[in-house]
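One structure is given here, and the rest of the page talks about it.
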Amino acid sequence: MRAVTFQAPGVVSVEERPEPELIDPEDAVVRIEATGVCGSDLHIFHGRVQIEPGFTIGHEYVGTVVAAGDAVTRVAVGDRVLGCFQTACGTCFFCRRGLFHRCVQSRTFGHGAALGSLQGTQADMALVPHANLVLRRVPEGMSEEVALFAGDVMGTGFHAVEQSGLEPGDVAAVLGLGPVGLCAAQVARACGASRVLAIDTVPERLAVAAALGAQPLHLVEDDVRGAVQEATEGRGVDVCIDAVGDPKALEMAIRLTRACGSVQCVGVYAERAEVHMGLLWLKALTLRGGQANVLAHVDRVLAMMSAGVLDPSPLVTHHMKLDDAAEAYAVYDRREALKLVLTP
């Protein structure tokens, strides 16, 4: 089978790999029919997140079950499914508390030995451990590219809003309008935010944010601080979501948020970052971060997407073939695509 593999910073290639086989009774094998290129994949592509050369990358996937272990009961061979970006055992201390993202046996697709050595999903086929927990049937009538979002990007946006403690009537700000930031803005609106201020420097992304009902603000050309003050009677936003993963974005989030407000970090921080603890302390802010607990949210996210309350389809701007993965990564790296979907 074909698989997209990391070779060196800035270099990916499509190589032949053996087809995956069932190892455990809880495993399934999925024939991939759509897979996404994610911002997290770019961290690998740039060498910011280090994995072994030759490792298959990718963690977003929709496809059909072609094999299932004897203990797999929630899906069956022939089912059209979507998968979450990481696995969990379902029985450890954290899983029993619904904290699947901190499972002691958690493995993340396509992220090398540091996150469980689970080969990625930018391939013709993928092995899916703990299939009962990780896979969901695609709802009737839902397209592959929409379903793709439930297992990572929309699930991460949902997690950001849910963990922030946003309440109906709150004013929220989202820093960084990649797919996760735009999904977070959409979820915040769906969950009752009175206003969502969407901040970025890319005009096309700002336009999508406006179409989703957010107030777009150009980081450089607009008076972001003034707009926040005007929207909140000078207090600052109730909730600020950092979907960038950069120390400058984190400091801005701390400064834009009102006293006793909440800063939620869903952008990937792979290095040390200095936090302005004095300002955080003085404002009595709540600061939270970490991987998204998508396994806990996926059913609610799917229900909201099925009902049309959440619709990620405007975010998909490019479709390319798996064989053209090297060019796809170059296009995504140049920010020419908002969300890029690869198909066999």
Over the chain, what is the percentage of antiparallel beta bridges among all DSSP beta bridges, to the nearest 5?
50
Could you run the Karplus curve 6.51 cos²θ - 1.76 cosθ + 1.60 with θ = phi - 60° over region 254-270 and give me ³J(HN,Hα) per residue in whole Hz, x for Gly and Pro?
4, 6, 7, 8, 5, 4, 6, x, 10, 10, 10, 9, 10, x, 7, 9, 9
J(HN,Hα) series, region 165-176, from Karplus relation 6.51 cos²θ - 1.76 cosθ + 1.60, nearest Hz, glycine and proline x
x, 3, 10, x, x, 5, 9, 10, 10, 10, 9, x
Here are several values of Cα Rg over 2.2 N^0.38 Å: (i) 0.97; (ii) 1.13; (iii) 1.21. Which one was derived from the coordinates shown?
(i)
Neighbourhood charge, 15 Å Cβ-Cβ cut-off, centred on Cys95 and excluding it, Lys, Arg +1 and Asp, Glu -1
+3
Longest span of the chain, sites excluded, free of GluC sites (Glu not before Pro) in DSSP loop with at most 10 other C-beta atoms within 10 Å?
22-139
Please list, ordered by chain and number, the residues whose modelled amide H lies under 5 Å from the amide H of Asp222; skip anything fewer than 5 residues away on the same chain.
none
Calculated from DSSP H runs of 4 or more alone, at -39500 (n - 2.57) each and per residue, what is the 222 nm mean residue ellipticity of the chain, nearest 500?
-7500 deg cm²/dmol
In region 282-344, if the dipole is taken from +1 on Lys/Arg beta carbons and -1 on Asp/Glu beta carbons about the Cα centre, which of Ala337, Val316, Met304 is farthest to the positive end?
Met304
Take His218 and Arg272, extend 7 Å from each Cα along the Cα→Cβ direction, and tell me the distance between the two endpoints in nm.
3.7
Just to confirm my numbers, what's the Cα centroid distance between region 16-89 and region 283-344 in Å?
16
Hey, rough spin-label estimate for Gln105 and Asn132, points 7 angstrom out along Cα→Cβ, what's it come to in nanometres?
1.1
DSSP beta bridges in region 28-181: the antiparallel percent, rounded to 5, is 95
What percentage of the solvent-accessible surface of the chain, computed with a 1.4 Å probe over protein heavy atoms, is contributed by carbon and sulfur atoms?
52
Restricting region 39-131 to chymotrypsin sites (Phe, Trp or Tyr not before Pro) in coil, as DSSP defines it, with at most 15 other Cβ within 10 Å
Phe93
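The values are calculated or read from the model by the stated rules, or taken from the named source; none is laboratory data. Note that this is a predicted model, so its numbers are computed, not measured. Cβ coordinates were reconstructed from backbone atoms using ideal geometry, including for glycine residues, and neighbour counts include every protein chain displayed. With ligands, DNA and RNA removed, areas are computed over all heavy atoms of the protein, side chains included. Shrake-Rupley method; radii C 1.70, N 1.55, O 1.52, S 1.80 Å.
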